[in-house]
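The values are calculated or read from the model by the stated rules, or taken from the named source; none is laboratory data. A quick note: this is a predicted structure, and the numbers were derived from the prediction, not measured. Because the Cβ atoms are built from the backbone with ideal geometry, glycine has one as well, and the counts that use them run over all protein chains shown. Protein only, heavy atoms only, side chains kept; ligands, DNA and RNA dropped before computing areas. Shrake-Rupley method; radii C 1.70, N 1.55, O 1.52, S 1.80 Å.
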Amino acid sequence: MIVLSEETYRGGVKINEKRKENGIRELDMHVIELAHDDQHSSEEDAKLSSSNQRMRLLGTMLKPPKPNSNIPVTPYVIGLAGGIASGKSNITEKLKLKGAAIVNCDLIAHELYKPGLPLNRTLAETFGNDIITATGDIDRKKLGEIVFSDMEKLKKLNQTVWPFIIEEAQNRIKVLGEQGYKVVVMEAAVMIQAKWFQYCHQLWAVIVPPKEAIRRLQERNNLSEEEAKKRVAAQPTNYEQVSQANVVFSPYWSYEFTQQQIDRAWGELQKYL
Ligand SMILES: CC(C)(COP(=O)(O)OP(=O)(O)OC[C@H]1O[C@@H](n2cnc3c(N)ncnc32)[C@H](O)[C@@H]1O)[C@@H](O)C(=O)NCCC(=O)NCCS
Ligand SMILES: Nc1ncnc2c1ncn2[C@@H]1O[C@H](COP(=O)(O)OP(=O)(O)OP(=O)(O)O)[C@@H](O)[C@H]1O
């Protein structure tokens, strides 16, 4: 006898077809109905499934935070990590509506690259004057092509730029605290690699399957599949992100479902403020 679920029934039929072809006796098939999940949402499977259980953990406290003596008690700093095109910006926008202040480390880097600032000169000396545009700005598209094609060059860029970014981020967090913000979200794609979570009270991570990140990146940045793959490969894996995080979001489904994850996380956060 072979025991099957409704979903594997067709596989059972195929097995019996092969057995018949090979002159072996067909197996009796016993089919078990799928247990129905009465509470499933429109995003989830109608059957009782481990995927549904995992989806319900999104936005919940997976790992309670430990006190962090590296930073002041206030403001409460949340590090928002997540790979390229995972949906961090959309999540920070939603957290802003909840009352959080945002420090965006991508934008800090862009500001530190402006003409006349020390990093502008240092990067031109390191990567060549070709990365400087007619207006004196850093041509980030060109620099991106260089560093995402050569891990050694990316490492060099990171070593040069990261100390400036984190110093500026911490200054901004301090000022926002003085302005009365209770919660500051520090959004940084490189949070895990740079270990900037040591400057946060909690780490929240945003993940989508790598294939989806590649698709979104091609669409949003008009990149070839090969270029998008290189950029996704330069990110920590989802496993690395999840194993470090206190809370995990996945903006893989509808914007409403992402909102539900944020509502849950924001609700639980109130206990720690
Ligand atoms: C490589 C650069 C020139 C590309 O500029 P561009 O304007 O095209 O992209 P932008 O800065 O908006 O970043 C977009 C995304 O690229 C990914 N990314 C950026 N820097 C890195 C990096 N060092 N390692 C891995 N991924 C990165 C992130 O997912 C980021 O959100 C620029 O990202 C850069 O200078 N990076 C080094 C500084 C850095 O680490 N910045 C990120 C701080 S969070
Ligand atoms: N819940 C969602 N459902 C569908 N698409 C989404 C969702 N959230 C974000 N996206 C799409 O994914 C793309 C990437 O989102 P976003 O720009 O917020 O990512 P990011 O993590 O901030 O990217 P980067 O690290 O490159 O700055 C966007 O083009 C957006 O349209």
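Being at pLDDT 95 or above and surrounded by fewer than 21 Cβ atoms within 10 Å (Cβ to Cβ) is the filter; apply it to segment 187-196 and report the residue that is farthest from ligand 2 (Cβ to nearest atom).
LYS195
A quick yes/no check of all residues on (1) assigned to a helix (DSSP H, G or I); (2) under 16 Å from the mean Cα position of the chain (by Cα); (3) within 13 Å of ligand 1 (Cβ to nearest atom):
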{"site": "LEU203", "(1), (2), (3)": "no, yes, no"}
{"site": "VAL208", "(1), (2), (3)": "no, yes, yes"}
{"site": "LYS211", "(1), (2), (3)": "yes, yes, no"}
{"site": "ARG216", "(1), (2), (3)": "yes, yes, yes"}
{"site": "ALA228", "(1), (2), (3)": "yes, yes, yes"}
{"site": "VAL232", "(1), (2), (3)": "yes, yes, yes"}
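Taking the conditions exactly as written (without any contact (Cβ under 8 Å) to a residue 40 or more places away in the chain and within 16 Å of ligand 1 (Cβ to nearest atom)), does LEU80 satisfy them or not?
no
Go through segment 133-143 and give me each residue that's within 13 Å of ligand 1 (Cβ to nearest atom) and free of Cβ contacts under 8 Å to residues at least 12 places away in the same chain.
THR133, ASP139, LYS141
Could you check segment 197-209 and list, in sequence order, the residues that are in contact with a helix residue (DSSP H, G or I) (Cβ under 9 Å, 6 or more places away or on another chain) and surrounded by fewer than 18 Cβ atoms within 10 Å (Cβ to Cβ)?
PRO209
Starting from segment 244-273, keep only residues that are part of a loop (DSSP other than H, G, I, E, B), then list their pairs with residues that are open to solvent by 10 Å² or more (accessible area, probe 1.4 Å) and not hydrophobic (A, V, I, L, M, F, W, C) whose Cβ atoms are within a distance under 6 Å, requiring at least 6 positions of separation or different chains.
From residues that are part of a loop (DSSP other than H, G, I, E, B), the pairs are ASN246/LYS63; ASN246/PRO65; PRO251/GLY87; TRP253/GLU43; LEU273/TYR76; LEU273/LYS182.
Output the residue which, of all residues in segment 197-241 that are within 22 Å of LYS155 (Cβ to Cβ) and in contact with a strand residue (DSSP E or B) (Cβ under 6 Å, 6 or more places away or on another chain), is modelled with the highest pLDDT.
Within segment 197-241, the match that is modelled with the highest pLDDT is PHE197.
Quick one: MET61 ticks every box in (1) without any contact (Cβ under 8 Å) to a residue 24 or more places away in the chain; (2) closer than 23 Å to VAL242 by Cβ; (3) in a loop (DSSP other than H, G, I, E, B) bar one, so which box is it?
In the conditions (1) without any contact (Cβ under 8 Å) to a residue 24 or more places away in the chain; (2) closer than 23 Å to VAL242 by Cβ; (3) in a loop (DSSP other than H, G, I, E, B), MET61 misses (1) alone.
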